[in-house]
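What follows is a short report on a single structure.
The values are calculated or read from the model by the stated rules, or taken from the named source; none is laboratory data. No experiment lies behind these values; they were computed from the predicted model shown. Ideal geometry is used to build each Cβ from the backbone, glycine not excepted, and the neighbour counts take in all protein chains shown. In case anyone asks, the SASA skips ligands and DNA or RNA and just uses the protein heavy atoms, side chains included. Shrake-Rupley method; radii C 1.70, N 1.55, O 1.52, S 1.80 Å.
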Amino acid sequence: MNLIALFPVVLIVVVALFSAIKILREYERGVVFQLGRFWKVKGPGLIILIPVVQTMERIDLRTIVMDVPSQDLITRDNVSVKVNAVVYFRVVDPQKAIINVEHFYDAISQLAQTTLRSVLGQHDLDELLSERDKLNNDIQTILDQHTDAWGVKVANVEIKHVDINETMVRAMARQAEAERQRRAKVIHAEGEQQAAEKLVEAAKLLGADPRAIQLRYLSTLTDIAGDKNSTIVFPLPIDFIESLTKRSGA
């Protein structure tokens, strides 16, 4: 009868002993509270707690990948877009992550969403598409500053996708085509300018010595004769034509 009466007591003691033994993996830490007050951070390995007096909260120290939901925002040039991103962070101070914020994962998620809208809304669409590395660094810096008090280190932020409506896509395509045409015209005009400059330089060199222009005439005749043309145009020097005109007038 005595053994039967002691059985519940023994069972309670065994359950209490098992509940007092905790095993933490290499990437886990335990924030231990004693009578409601912070005591210490323990782990990894075997942890023994005093039943009722001590309690423990587990913290994972591995890098956490958080998917930021798609956010509707308006860029500085009044273009409506949808942007989503991914945030990489990890807990570096388990004590702060438990004591200073209620749920650090939810807190970082909300902070990332508001920061994404705030930062990207200050830039034009062209900057949003072409300067992602800079924008990623700006968002990461802001998040890291705010989460430092929570014992969390934001390692990286990446903008995954920028969704633009079809009307804006067509407008951007027309703009890109017009830009290509503009650059082609500029390149053609620059080519004409360079050719004109070279022609002027050549004319100055040929005009410096009358024999040079005669040699050029002969070279041109040789080229024409080699093409097997039936008609040969022989250029006459302007000085020769002027001398003939003066003689006829005389």
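Looking at (1) open to solvent by 100 Å² or more (accessible area, probe 1.4 Å); (2) farther than 30 Å from Ser109 by Cα; (3) modelled with pLDDT under 80, which is the only condition Glu166 fails? Only one criterion in (1) open to solvent by 100 Å² or more (accessible area, probe 1.4 Å); (2) farther than 30 Å from Ser109 by Cα; (3) modelled with pLDDT under 80 is unmet by Glu166, namely (2). Looking across the stretch 103-118, the residues that are open to solvent by less than 30 Å² (accessible area, probe 1.4 Å) and hydroxyl-bearing (Ser, Thr, Tyr) come down to Ser109, Thr115. When each of Val86, Val119 is tested for being modelled with pLDDT of 90 or more and touching a helix residue (DSSP H, G or I) at 6+ places or on another chain (Cβ under 7 Å), the lone residue that passes is Val119. When the stretch 23-65 is filtered for residues that are touching a Leu at 6+ places or on another chain (Cβ under 9 Å), under 18 Å from Gln95 (Cβ atoms), open to solvent by 30 Å² or more (accessible area, probe 1.4 Å) and aliphatic (A, V, I, L, M), only Met56 remains.
In the set (1) open to solvent by 80 Å² or more (accessible area, probe 1.4 Å); (2) out of contact with any strand residue (DSSP E or B) (no Cβ under 7 Å at 6 or more places or on another chain); (3) not β-branched (Val, Ile, Thr), Glu127 fails one condition alone, (1). Counted as qualifying within the stretch 6-70 are the strands (runs of 3 or more DSSP E) with 1 or more residues that are closer than 20 Å to Tyr105 by Cβ, modelled with pLDDT of 85 or more and among the charged types (D, E, K, R), namely 28-34, 54-60.
Across the stretch 130-148, the qualifying residues are those that are touching a helix residue (DSSP H, G or I) at 6+ places or on another chain (Cβ under 7 Å) and closer than 27 Å to Gln95 by Cα, and the one among them that is surrounded by the fewest Cβ atoms within 10 Å (Cβ to Cβ) is His146.
Considering the stretch 86-102 alone, what residues qualify as being in contact with an Asp or Glu (Cβ under 6 Å, 6 or more places away or on another chain) and either open to solvent by less than 10 Å² (accessible area, probe 1.4 Å) or over 11 Å from Leu116 (Cα atoms) (or both)? Ile98, the sole residue that qualifies. Checking each residue in the stretch 66-85 for being open to solvent by 80 Å² or more (accessible area, probe 1.4 Å) and either out of contact with any strand residue (DSSP E or B) (no Cβ under 6 Å at 6 or more places or on another chain) or aromatic (Phe, Trp, Tyr) (or both) picks out Arg76, Asn78.
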